[in-house]
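Bear in mind that the values in this text are calculations on the coordinates, not laboratory data. Fair warning: this is a prediction, and the values are worked out from it, not measured in the lab. Quick reminder, even Gly has a Cβ in these numbers, built from the backbone with ideal geometry, and neighbours come from all protein chains shown.
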Amino acid sequence: MAGTYSQIYIQVVFAVKGRQNLLAKSWRDEVFKYMSGIITNKGQKPIIVNGVDDHVHAFIGLKPAMSLSDLVRDVKNNSTNFINDHAWINGKFSWQDGYGAFSYSHSQIENVYNYILNQEQHHSKQTFKDEYLDFLRKFEIEHDVKYLFEWIE
């Protein structure tokens, strides 16, 4: 068969190092737009990028020409530099190691989009830690809590 055809939808979730509340509302939309631009420039489709003060959700239409791990690495590295170059925080900004990646079918795009769009409302009722653990349970991903994100309580 000539050509490559795919339909891969991935939600990627990652946190600020130490899960600190560093993504200020006054500038985080600019960071999310920047992340969307990185995803686009890598030949991928950013469906939505949004989050709250301590973590980000990126919903991506992934083409198989690039590995997800390379894309996430580039998004995290470039957005770290972007935040640090703007000196929006005291000290040096960085993301935690690792990320969660969860796949969806085409029929779920609208629901996932709306879930990510409404992160502030969602997190007025549920912590990021509980949300992330729910994702791992829902997708039946084996995990050991001690190897998840660095949790600062």
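The table that follows gives values for the structure above.
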{"read-out": "Long pairs among Lys42/Lys92; Lys76/Lys125; Lys42/Lys125; Lys63/Lys92, criterion Cα-Cα beyond 31 Å", "value": "Lys42/Lys125; Lys63/Lys92"}
{"read-out": "Alpha-carbon centroid distance for the pair segment 1-51 / segment 69-128, whole angstrom", "value": "6 Å"}
{"read-out": "Cα-projected label distance for Asp130 with Asn21, points at 7 Å along beta-carbon direction, nm", "value": "1.6 nm"}
{"read-out": "The chain - percent relative contact order, Cα under 8 Å, separation 6 or more", "value": "34 percent"}
{"read-out": "Helical contribution to [θ] at 222 nm, DSSP H n ≥ 4, -39,500 (n - 2.57), averaged over the chain, rounded to 500", "value": "-12000 deg cm²/dmol"}
{"read-out": "Reachable aspartates and glutamates from Lys45, criterion Cα separation under 17 angstrom, eight or more residues apart if same chain", "value": "Asp70, Asp74, Glu110"}
